[in-house]
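We did not get these values from a lab; they are worked out from the coordinates using the rules stated. This one's a predicted model, so the numbers in the text were calculated from it and none came from an experiment. Reconstructed Cβ throughout: ideal geometry from the backbone, glycine too, with neighbour counts over all protein chains shown.
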Amino acid sequence: MSTEHGPHGHGPAPGPPGTRRDRGVLRTKTIEQSLRDTEEPEHALRKSLSALDLTVFGVGVVIGTGIFVLTGKIAKEQAGPAVAISFVVAGVVCALAALCYAEFASTVPVAGSAYTFAYASLGELPAWIIGWDLILELALGCAVVSVGWSGYVRSLLDTGGLHLPPELSGSHGGRFGFDLLACVLVLVITGILVLGMKLSSRVTSVVVGVKVTVVLLVIIAGAFFVSGANYRPFIPPSRPSAGGGGLTAPLSQLMFGFTPSHFGLMGIFAAAAVVFFAFIGFDIVATAAEETRNPQRDVPRGILGSLAICTLLYVAVSVVVTGMEKYDTLSVDAPLADAFKHVGYPFFAGLISFGAAVGLTSVCMILLLGQSRVFFAMSRDGLLPQLFSRVHPKFGTPHRSTLVLGAVVAVVSGFTSIDVLAELVNIGTLFAFVVVAVGVVLLRRSRPDLPRAFRTPGVPYVPLLSVLASLWLMLNLPAETWIRFAIWMAAGVLLYAAYGRRHSRLAVRQRAHRPDPAAGRP
């Protein structure tokens with residue numbers, strides 16, 4: 001029997017409720033306390049989601065511009081037609097992380113995703129660090145996606161003869177401007193999220209339905225123009241990459257002198273490190289666990305189901321685009337759209353732009369949803385001001401945190417450009433994968449008694465493989481990305497030391513139960 005229970009196995013052992021023991025910044029929050037916190041009326045989120053809703057969320061956030069752009073770009077530059085294999089490899093790497101997420105989310109169905117999991121297994125400071133990391137990842141991700149959406153919409157408006165003033169079209173080529181469309185999109189999505197999860201899931205379902213329909217039409221139509229000659233050679237001969245220099249070079253190159261190659265067998269794996277980032281987002285499903293009617297059953301289905309669907313769609317698109325046009329003649333900016341122009345059907349290029357614009361709407365919504373839930377969970381634990389953990393009495397949503405974060409992201413999206421922000425999103429996500437995989441192993445050892453509706457197979461080997469795969473992909477990111485990430489993490493540690501450590505609900509409980517050394521003195 002776990003040492004966390006009393007002599008009869010009921011409730012926590014003597015001591016401050018919700019903690020195993022006072023370990024300072026490594027104090028952990030028990031699963032039981034996490035679940036009790038979700039039942040407090042002022043902090044209780046409304047449960048309205050099903051497995052289908054979660055699967056739609058997962059597909060909605062993963063399928064974005066990557067399916068229309070990344071497939072052809074990587075085929076031309078790194079893998080050739082074998083990019084389809086690269087997507088399979090990346091899907092397997094994501095599946096390793098997804099299996100770990102599925103166990104945690106079904107065991108601890110509480111808002112906050114990797115933050116909540118880390119609090120239960122690694123301790124308060126690691127939990128704060130991963131929560132701070134997720135805030136960066138999701139905020140920047142939402143801002144970047146909204147700017148990309150704005151670009152597609154402006155392109156469609158230009159086609160129709162409508163033109164926004166340059167001052168309201170964002171910053172481009174050194175010219176300063178405000179991206180009005182990106183800002184408005186974030187504000188509208190913020191309003192929808194405040195009005196309730198069920199409304200959000202319905203809007204997302206419609207958007208994802210349109211997006212997947214466009215993708216399937218492109219796959220089916222493109223299949224009629226596939227030529228077998230374009231697949232030869234399926235794995236082009238290997239050739240060395242020139243590589244970058246200084247801080248722009250991958251960290252692996254600076255540390256080990258390793259220079260990746262293009263094409264060949266190693267090119268397939270190098271391409272997998274790039275296309276992996278097209279899958280980022282399935283972990284957002286775990287942030288909605290607390291708002292799911294049957295999380296033990298539905299969250300694993302939502303995570304694994306959405307990942308499987310997205311992998312199949314990515315592989316199908318990559319097979320079609322490399323079959324329609326020879327890989328070395330594909331365009332880099334809009335390969336799939338230009339492939340249809342190449343075969344004499346420009347209509348589909350417009351359809352692809354429309355699908356991308358619609359698709360990015362759901363990506364932006366789900367990223368903002370995930371960010372507000374992580375912020376809400378950290379606030380409920382006292383690591384951030386608790387006023388952000390109050391839920392709306394009518395809509396049952398964390399309206400304050402949603403409004404504040406929505407306003408901040410709207411301003412950032414209005415003034416930002418997409419340059420280096422995407423790489424910060426990538427390293428933040430991979431860091432979360434590592435934390436969750438380690439947490440699964442630790443929680444198996446410390447709480448073997450917990451009921452687990454879903455169990456990650458092959459523990460500890462599957463989590464170990466997930467950690468190694470994530471670290472390998474992180475090493476392929478530029479050194480300057482690591483520096484920016486380290487600066488953000490250092491700022492987070494300082495904020496925790498100044499506020500979170502003293503205001504943490506666990507710290508408050510420990511102080512309340514600590515005996516007064518002056519008690520009993522004459």
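Roughly how far apart, in whole Å, are the Cα centres of region 43-64 and region 341-382?
Computed from Cα coordinates, the inter-centre distance equals 14 Å.
What FRET efficiency, computed as 1/(1 + (r/R0)^6) with R0 = 41 Å and r the Cβ-Cβ distance, is obtained for residue 39 and residue 472, rounded to the nearest 0.05?
On the way: r = 41 Å, r/R0 = 1.00.
Calculated value: 0.50.
Apply the Karplus parameterisation 6.51 cos²θ - 1.76 cosθ + 1.60, with θ equal to phi minus 60°, to every residue of region 288-297 and state each ³J(HN,Hα) to the nearest whole Hz, in sequence, with x for glycine and proline.
Values per residue, Gly and Pro as x: 9, 4, 5, 9, 9, 5, 10, x, 4, 8 Hz.
Amide H to amide H, which residues 5 or more places from residue 384 or on other chains are under 5 Å from it, using H placed in the peptide plane?
Amide H neighbours of residue 384, under 5 Å, 5+ apart: 379.
Quick one: dipole size for region 187-324, taken about the Cα centre, charges +1 on Lys/Arg Cβ and -1 on Asp/Glu Cβ, in debye to the nearest 20. Walk me through the intermediate numbers first.
Numbers: 8 positive and 4 negative charges, 51 e Å.
It works out to roughly 240 debye.
Scan around residue 392 for amide H atoms under 5 Å from its own, H built in the peptide plane at 1.01 Å from N, and keep only partners 5 or more places away or cross-chain.
397, 399
Provide the packing ranking of 385-392, 51-58, 204-211, 139-146, i.e. peptides ordered by the mean count of other C-beta atoms within 10 Å per residue, highest first.
On the way: 385-392: 16.6, 51-58: 24.4, 204-211: 19.6, 139-146: 27.6.
Final packing ranking: 139-146, 51-58, 204-211, 385-392.
Residue 262's amide H: which non-local residues (gap 5+, or another chain) put their own amide H closer than 5 Å, with H modeled 1.01 Å from N in plane and none for Pro or chain starts?
Placed amide hydrogens put 239, 241 under 5 Å from residue 262.
Any idea how far the Cα center of region 266-325 sits from the one of region 73-126, in Å?
If we compute the Cα centre of each part, the gap is 9 Å.
Any idea what angle helix 264-275 forms with the longest principal axis of the chain, computed on alpha-carbon atoms, 0 to 90 degrees, nearest 10?
Value to nearest ten degrees: 60.
Which order do the peptides 298-310, 188-200 come out in when sorted by mean C-beta neighbours inside 10 angstrom, highest first? Intermediate values should be presented prior to the final figure.
Values: 298-310: 24.2, 188-200: 19.5.
The most tightly packed comes first, giving 298-310, 188-200.
By how many nm would the segment from residue 158 to residue 450 lengthen if fully extended, with 0.36 nm per residue of separation less the alpha-carbon distance? Write out the running numbers ahead of the final one.
Values: separation 292, 0.36 × 292 = 105.12 nm, distance 5.73 nm.
That works out to 99.4 nm of additional length.
Using a/c under 1.5 as the rounded threshold, could you call region 215-355 rounded, prolate or oblate? The axes a ≥ b ≥ c are square roots of the C-alpha gyration tensor eigenvalues, and prolate needs a/b larger than b/c, oblate otherwise.
Values: a/c = 2.20, a/b = 1.11, b/c = 1.97.
The shape class here is oblate.
Among 284-297, 490-503, what's the highest-first ranking by average C-beta atoms within 10 angstrom per residue?
Numbers: 284-297: 24.9, 490-503: 14.9.
Order by mean packing, descending: 284-297, 490-503.
In the chain, how many lysine pairs have Cα atoms under 23 Å apart, counting only pairs 8 or more places apart or on different chains?
Here the count comes out as 12.
Step through the residues of region 200-211 one at a time and calculate ³J(HN,Hα) from phi using the Karplus curve (6.51 cos²θ - 1.76 cosθ + 1.60, θ = phi - 60°), rounding each to whole Hz and writing x for Gly and Pro.
3J(HN,Hα) across region 200-211, in whole Hz: 4, 5, 5, 4, 4, 4, 5, 4, 5, x, 5, 5.
Can you give the translational diffusion coefficient of the chain in µm²/s, computed by Stokes-Einstein from the Kirkwood radius over Cα pairs at 25 °C and 0.890 mPa s? If you can, show how the numbers build up before the last one.
Details: Rh = 23.9 Å.
For the chosen part, D equals 103 µm²/s.
Would you work out the relative contact order for the chain, in percent, from Cα pairs under 8 angstrom that are 6 or more residues apart?
On the way: 950 pairs, mean separation 168.1, N = 522.
Once divided by the residue count of the chain, the mean separation gives 32 percent.
If you plug each phi of region 427-437 into the Karplus form 6.51 cos²θ - 1.76 cosθ + 1.60 with θ = phi - 60°, what whole-Hz ³J(HN,Hα) values come out, in order, with x for Gly and Pro?
Per-residue couplings from phi come out as 5, x, 5, 5, 4, 5, 4, 4, 4, 5, 4 Hz.
How many angstrom separate the Cα center of region 222-236 from the Cα center of region 449-481?
Between the Cα centre of region 222-236 and that of region 449-481, the gap is 35 Å.
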